[in-house]
Amino acid sequence: ESCLKRQGCSWFSYRKGGGCRLCDLWFGNQAAVTGCRDWSPKSYCGGTIFTSAVEMYGKSPANMDFKEALRHYTVTEKEGDSQAQCSVYCNPDNPDACWGDVKQAVTCDAGTMDECLKKPGCRWFSYKDQDDCPLCKKWFGDQANVTGCHDWNPQEYCEEIIFVAAKDRYDGKTSNNSFKQAIAHYHVSQGRGDPGDSRVKEARCSVWCDLAPPGGCSAQLRSLGEVKGVNYGGRFIPEHYLQLEGYEQLFNGTCHPSDVNGGKVRGLSLCDVGNVSNATDRVTSFLDTSIQQRHFDEMSKAGFEILRLPLGYWNVLDVPAEATPPGVGVDRWQRLQRILPAKSYSEWIDRVFVHAKSVGLKVLLDLHGAPGGQAYNSFTGCDQGVGHFDFAQPKSVHLAVAAIEAMARICARHKDACYGIELLNEPVGTGGPLDRYGERIPREDLQNYYQAAILAARKHIDLKVPLVIMEWPRWLSWWSQKKPFSYKEHGNIIFAAHLYYMGPDLVDQQESRWAFEEDLSSVAEFHLHSRYEIFVSEFGLNSHGSGVPEDDYFDYNSFANWFVHQSNRFSLGSMVWNYDGPGAWGAVANKGVLGPVPIEWNQIFSSTGPAVGDITPLALAAKRRLDSIRASKDLQTGEAPHRLLQRLGAAPVLTPVASGESNAASKVLRLSAMMLPFFLLVAVSLRTQWRWRQPASQRRDRIAR
């Protein structure tokens with residue numbers, strides 16, 4: 001109050017709220033960036049806080065944790081005025097172009113959840129006493145200080161307000177089930193910002209324990225509508241690299257053109273099977289062989305609840321030759337469409353539903369192969385050659401909408417056994433809006449297709465049934481800004497992302513996790529600030545080794561435990577690719593023989609998580625074995641082209657075998673790589689010293705600019 005009475009002075013403050021570890025790291029006790037000052041709010045948020053934080057953060061300011069951290073800094077200009085808070089704005093067409101600014105602070109003074117969730121930026125924090133919780137009462141008494149309407153970040157709430165305080169007041173280990181069950185009583189509810197949608201995003205606090213050495217437990221959010229999913233791919237659209245049972249007989253004697261209109265064809269596709277005279281018999285036999293009740297029994301026992309079933313448009317539509325979409329390789333598409341009529345495919349689609357229903361699994365139908373091809377990969381049904389994809393043509397879109405309507409009829413027929421429909425798999429354009437020279441299907445065209453497909457599907461299925469829009473992580477901010485779908489008009493729309501690591505094998509557990517940091521941040525940002533839910537409908541355990549226990553010491557169990565819970569923390573959940581396949585591509589069927597530690601899917605999915613003491617010793621043994629191998633020899637081995645790179649159309653990354661002169665050169669390169677961080681550290685240190693030796697007036701001018 002005394003500050004605001006002074007001419008030209010404003011009060012700058014730090015609101016700890018749910019806690020902010022980044023803020024503590026950047027500005028310590030906050031004394032240098034708070035108090036009574038003559039700064040302007042814009043220069044404070046855009047310079048003093050944003051610029052300094054970016055330099056110390058070292059990553060993209062578009063990341064969710066960075067944006068959330070800046071919200072802790074507020075400004076009050078005049079006595080009686082409401083507070084303003086710092087925020088980060090990013091260009092939706094260029095997500096990495098961000099700047100700091102100031103906006104009106106959120107005021108969350110509501111007594112009920114309904115009233116609270118109508119306020120933008122406010123969330124309802126609650127204690128669920130469905131069963132008695134003596135520990136909760138011991139920790140927080142009547143719960144008043146840890147519940148109610150606030151603008152706290154949900155993850156910070158679970159970590160700082162609940163977990164840290166509970167840990168300090170608890171006598172046992174945080175891995176104990178009694179501790180985990182007590183933490184699970186604390187819930188977070190968030191509105192969607194859609195006037196016609198009264199549903200809320202709900203999550204609870206949980207305790208996650210890392211199975212990889214050195215271990216340790218921490219707090220994480222966990223969605224109440226958790227997706228525990230697995231892909232049942234390669235059946236209706238066989239992919240050669242998956243090597244499913246019967247694939248050799250299916251593709252035996254087939255061949256593919258070397259190129260189509262100058263675009264290289266990289267492998268066999270189902271449309272190539274259409275060249276042989278007995279294509280119908282081959283596909284029929286393959287479907288009989290590859291769809292088995294025992295697969296569904298195993299998925300259910302492993303704790304999975306939803307199965308994603310990739311389909312092609314020809315599986316649900318009969319397309320006459322003259323109706324085939326125009327484009328390259330029309331004759332190959334026509335041969336694909338002639339293999340079997342849609343009525344015949346329906347026998348096996350229904351069989352999947354029957355097997356799934358018998359063990360309590362739900363089925364997510366996925367338009368994996370779209371008319372004209374939404375990408376130039378074999379997963380569309382026909383590899384048309386690099387650079388060729390014709391989905392966006394009007395004739396292709398018209399057929400795709402008809403395919404979605406046919407899938408909606410199937411979904412309606414199987415009622416509760418159908419989870420929903422994914423409208424399109426992996427459209428070209430992984431680079432996002434920034435990749436202006438990369439191949440892409442214009443997202444405006446996709447938006448128009450989705451609008452038409454949703455309206456067609458809703459003729460047959462209820463508004464509550466999810467219709468899923470798959471998008472690459474770098475495009476999510478584009479959809480979040482557009483908000484093109486509402487519950488009133490389009491029903492329950494959920495987004496999905498695919499997260500893969502595409503590169504040479506990573507055998508270090510932490511490096512393998514860091515590889516997903518940027519994509520997980522994009523998913524988290526979308527889930528926290530958009531009106532839509534999101535989950536990961538494909539992720540892989542690929543590119544960490546051969547998958548053979550004798551020579552692969554990567555701890556797949558610890559990595560799966562980490563990834564599944566990161567997905568639960570930042571979204572609705574995840575679906576692993578694939579149920580079966582070679583090595584890590586068959587992470588469910590191969591769960592007992594993939595690497596040195598069995599993947600305990602059912603324990604990973606359980607409400608309290610894996611029993612840490614039972615599994616960590618195996619992980620520790622695997623780590624010791626890997627460390628001993630590293631110490632005894634250089635891990636310089638020739639790499640085969642990665643199957644994922646083949647799937648997604650990227651050029652394979654090869655690591656040559658080092659010998660002779662190349663070995664000497666590689667040592668020089670390794671020495672240079674080791675020295676590089678040292679030189680960078682020196683450069684940053686000198687630059688920082690030079691900057692802060694400038695007069696204070698010059699520093700303020702620079703920050704203001």
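The values are calculated or read from the model by the stated rules, or taken from the named source; none is laboratory data. The structure displayed is predicted, hence computed values, not measured ones. Here the Cβ is made from the backbone with ideal geometry for all residues, glycine too, and neighbour counts use every protein chain on show. The protein model used for the area step is the full one, side chains on, heavy atoms only, and it has no ligands, DNA or RNA in it. Shrake-Rupley method; radii C 1.70, N 1.55, O 1.52, S 1.80 Å.
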query = Tell me, what is the percent relative contact order of region 395-553, built from C-alpha pairs under 8 Å that lie six or more residues apart?
reply = 22
0 to 90° range, to nearest 10: angle between helix 443-457 axis and the chain longest Cα axis = 70
request  = May I ask you to compute the full-extension gain from Lys343 to Ala323, defined as 0.36 nm times their residue separation minus their alpha-carbon distance, rounded to one decimal in nm?
outcome  = 5.4 nm
Hits among aspartates and glutamates - C-alpha to C-alpha of Lys42 under 15 Å, sequence gap 8 or more where chains match = Glu77, Asp101, Asp701
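Just order 269-278, 600-609 by mean Cβ neighbour count inside 10 Å, highest at the front, would you?
Values: 269-278: 20.4, 600-609: 18.3.
Most protected by this proxy first, the peptides run 269-278, 600-609.
Quick one: putting +1 on the C-beta of Lys and Arg, -1 on the C-beta of Asp and Glu, what dipole do you get for region 76-170 around its Cα centre, in Debye to the nearest 20? Present the calculation step by step, with values, prior to reporting the outcome.
Working: 10 positive and 18 negative charges, 55 e Å.
Dipole size: approximately 260 debye.
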task = Would you calculate, for the chain, the mean residue ellipticity at 222 nm contributed by helices, counting each DSSP H stretch of 4 or more residues as -39,500 (n - 2.57) and dividing by all residues, to the nearest 500?
result = -10500 deg cm²/dmol
request  = First measure r as the distance between the Cβ atoms of Ser13 and Gln393, then evaluate 1/(1 + (r/R0)^6) with R0 = 56 Å and state the FRET efficiency to the nearest 0.05.
outcome  = 0.50
key: For the chain, accessible area per residue (1.4 Å probe, heavy atoms of protein chains only), Å²   = 43
ask   = Calculated from the structure, Cα Rg over 2.2 N^0.38 Å equals which of (1) 1.21; (2) 1.48; (3) 1.02?
value = (3)
message = Less than 18 Å apart at the alpha-carbon level, and either on another chain or at least 8 residues along: which aspartates and glutamates does that give for Lys16?
response = Asp24, Asp65, Glu68, Asp109, Asp151, Glu156, Glu159, Glu160
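Ranked from highest to lowest mean number of other Cβ atoms within 10 Å per residue, what is the order of the peptides 151-158, 62-69, 351-358, 533-540?
On the way: 151-158: 23.2, 62-69: 21.0, 351-358: 18.8, 533-540: 25.4.
By packing density, highest mean first, the sequence is 533-540, 151-158, 62-69, 351-358.
Which FRET efficiency value, to the nearest 0.05, do you get for Arg294 and Asp114 by plugging their Cβ-Cβ distance into 1/(1 + (r/R0)^6) with R0 = 51 Å?
Values: r = 48 Å, r/R0 = 0.94.
That pair, Arg294 with Asp114, gives E of 0.60.
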task = Using Cα centres only, tell me the gap between region 257-334 and region 37-87 in whole Å.
result = 53
message = What distance in nm lies between label points placed 7 Å from Cα along the C-beta direction at Thr147 and Glu248?
response = 6.3
note = Quick note, region 192-236: a/c under 1.5 would make it rounded; otherwise a/b > b/c is prolate and the rest oblate (a ≥ b ≥ c, C-alpha gyration tensor); here it is oblate
query = For region 380-490, what is the convex hull volume of the alpha-carbon atoms per residue, in Å³?
reply = 113
Mean Cβ count within 10 Å, highest first, over the residues of peptides 240-250, 378-388 = 378-388, 240-250
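Assuming a strict under-26 Å limit between Cα atoms, what lysine pair count do you get for region 447-604 once near-sequence pairs (fewer than 8 apart, same chain) are dropped? Present the calculation step by step, with values, prior to reporting the outcome.
On the way: Lys459/Lys482; Lys459/Lys483; Lys459/Lys488; Lys464/Lys482; Lys464/Lys483; Lys464/Lys488.
Close lysine pairs under the 26 Å cut-off: 6.
If I take every Cα pair under 8 Å that is 6 or more residues apart in the chain, average their sequence separation and divide by the length, what percent do I get for the relative contact order? Could the numbers behind the result be given before it?
Values: 1277 pairs, mean separation 81.3, N = 705.
Rounded, it is 12 percent for the chain.
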